[in-house]
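The values are calculated or read from the model by the stated rules, or taken from the named source; none is laboratory data. These figures come from a predicted structure and were not determined experimentally. All Cβ positions, glycine included, derive from the backbone under ideal geometry; neighbour counts span all protein chains shown.
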Amino acid sequence: MLTGVNGNSLHSNLLHADSSIAKSLERISSGKSITRASDNPAGSAMLSAFDSQTRALTQLMSNQQSQASLLQTASSSLSTTSSILQGINSLALQASNGTLTDSDRAMIQQQINQLSTQINMSANQAQFNGQNLLDGSFSTTLQNGQQFAIDAMTASALGVNDLSVATQGDAMSASELAKSALSKVVSTQSSIGSVINGINSNLANLGTQYLNAVSSQSQIGDVDMANEIMNMTLSKMQSQASIKVFKMNEESRSTALKLLGE
């Protein structure tokens with residue numbers, strides 16, 4: 001066997017080259033330049049901080065998206081209520097026509113009563129994750145700390161639960177009440193829309209922060225494939241060279257022993 005200083009040096013070089021090859025393979029397979037804290041303690045600490053930041057941002061964005069979805073559900077239900085109120089107003093205006101008979105107004109009254117019932121159904125069925133949104137019970141604290149609540153949007157709360165079109169005067173009053181209720185619904189929708197716009201703006205800002213954090217994380221932690229492949233190739237060449245030197249020395253030693261034996 002090869003002994004002495006040269007032998008120890010060659011053995012050390014071989015071990016170092018093989019270790020470098022193993023690390024390069026690990027980095028290439030994982031796509032990460034830092035596979036353990038000992039590879040780069042400072043870089044590993046930074047990656048941990050960025051990972052914590054991206055996780056927090058992901059959760060914040062998820063929370064914001066849930067709130068936007070909730071408010072969009074409420075807004076969609078209010079669009080239905082708005083259409084119903086427009087229908088009630090049209091019927092009330094129709095009933096205010098002086099040429100109609102009591103029988104005509106009675107038929108219109110039935111339609112208005114049915115529409116009023118539909119308003120209650122819309123208000124009671126507007127739910128998100130088990131929360132009633134339009135019955136007056138909904139209140140929440142938004143991500144920015146703002147308190148937001150939605151008034152009851154039932155027929156009773158809107159003042160259209162007991163409309164009468166029995167006479168021309170009643171019909172005109174019913175029309176005014178329907179328009180007043182419609183104005184309240186539109187105002188509530190507008191408030192919800194403003195909050196949704198604010199949430200979308202926050203989401204855009206959080207998205208930018210997330211992309212910046214991921215980009216920084218990538219710059220620190222992602223492996224440079226071309227550079228790593230080159231390093232692995234060099235390590236393989238070093239390993240192969242060390243092995244060849246070992247063999248050459250073994251052959252020289254064997255030849256020398258043969259000559260001495262002769």
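Residues of the range 3-16 include at least one that is loosely packed, with under 13 Cβ neighbours inside 10 Å, at pLDDT below 95 and either assigned by TED's automatic domain parsing to the domain that holds M121 or among the β-branched types (V, I, T) (or both). Taking the range 123-157 as the range and being crowded, with 17+ Cβ neighbours inside 10 Å, more than 29 Å from the chain's Cα centre (by Cα) and either part of a loop (DSSP other than H, G, I, E, B) or of a type in the set (S, T, Y) (or both) as the test, the residues that pass are M153, T154. In the condition set (1) surrounded by 13 or more Cβ atoms within 10 Å (Cβ to Cβ); (2) modelled with pLDDT of 90 or more; (3) in contact with a helix residue (DSSP H, G or I) (Cβ under 9 Å, 6 or more places away or on another chain), D162 is compliant with all but (1).
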